[in-house]
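Visitor: For reference, the structure I am asking about is given below.
The values are calculated or read from the model by the stated rules, or taken from the named source; none is laboratory data. Since this is a predicted model, take the numbers as computed values, not measurements. Cβ atoms come from the backbone with ideal geometry, glycine included; neighbour counts cover every protein chain shown.
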Amino acid sequence: MLLHRTPAAEPTPARPPVVWEDSPCPLCGRTDEAIVLEAQDPVPADGDGLLFAVVRCEHCGLTYTNPRPTPKTIGRFYPADYHPHRRPRKMEQSRPPRPLWARVFGRPCNERRGVLPWHGRGRLLDFGCGGGVFLKRMADQGWQVTGLDAAVGVVRRVQEELGLKALVGSLPHPDLQPCSFDVITMWHSLEHVHRPLAILREAFQLLAPGGKLVVATPNIESLPFYWFGSSWFGLDLPRHLTHFTPKTLRAMLETAGFRPGPVRMLRHGDWLRSSAKLAGARRGGGWAKLLRWKPAAKAVAWGCYATGMSDCIMVVAERPE
């Protein structure tokens, strides 16, 4: 697979060179692939002008970015102000916390009933904790929380500004012991890792028998992806390395030993607006302009949810006892 560069782009000498690798399928390990599309980085560093290829495994159907930057050099593509790494807004203690489900996914809070025992008595690991908003909210509800993130500066802020336990790195981690958590959450982090199946297997070992894993990822088998294609906000190339569908997410969880529950669709009106802005910047039509309007984006997000083709999905999986 060739990596293309637009004619006007030049390498940036001040930045370390990127090392590229060809990857077999992250799920089945095969190398039979077919190209799906090529797209640019929506937040390019210094106007890189690179095009990244997204391919689909012809054996198991998993979609992934290939070729891709190596683990040691992909950090070049994470800008200093990358949104999930930003410092969270000050949380007021005098007001009841707004439901995380409603804030992040725009869903009615009662739709999370029965997903997890949100009573606040348990040990929780947030893999890819980012700025620590979710970690802080769960800690305030009484959970024993631990955050894990590869970004050193982000982890330091969680430790110093929020006063919470957070570790630098990925899985496996020497400071985390088997069967030491009741819940592990992966809010839009699994698609960022080079070896998602290995990460899930490590998470399986960290959970106590009967423990739950919550995974939320973009859904490349969604109406917004079909509409926007290379402008779809959920691609986020090259930071997103694996592009899941409901079928492939469940398959990967099962391969890792989990017992996954049903795939849940999650509304994300802001993603539609972001996709519309990207499409508009790339000469999108009137439909892209319409979806930049918040009420229209919310209405269309409801439609995608109702048809089971939202651009964001979630699965709660259990480690069998």
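Visitor: Would it be correct to say that Lys277 is surrounded by fewer than 20 Cβ atoms within 10 Å (Cβ to Cβ) and modelled with pLDDT under 90?
Guide: In short, no.
Visitor: What number of residues within the range 224-245 are in a helix (DSSP H, G or I) and either on the phi > 0 side of the Ramachandran plot or surrounded by 22 or more Cβ atoms within 10 Å (Cβ to Cβ) (or both)?
Guide: Qualifying residue count for the region: 5.
Visitor: Among the residues in the range 280-303, are any of a type in the set (Val, Ile, Thr), over 19 Å from the mean Cα position of the chain (by Cα) and farther than 30 Å from Cys179 by Cβ?
Guide: yes
Visitor: Among the numbered criteria (1) crowded, with 21+ Cβ neighbours inside 10 Å; (2) over 30 Å from Gly211 (Cα atoms); (3) of a type in the set (Asp, Glu), which one does Asp311 miss?
Guide: Status for Asp311: all satisfied but (2).
Visitor: Restricting the range 38-83 to residues that are aromatic (Phe, Trp, Tyr) and either assigned to a strand (DSSP E or B) or at pLDDT 95 or above (or both), which is farthest from the chain's Cα centre (by Cα)?
Guide: Phe52
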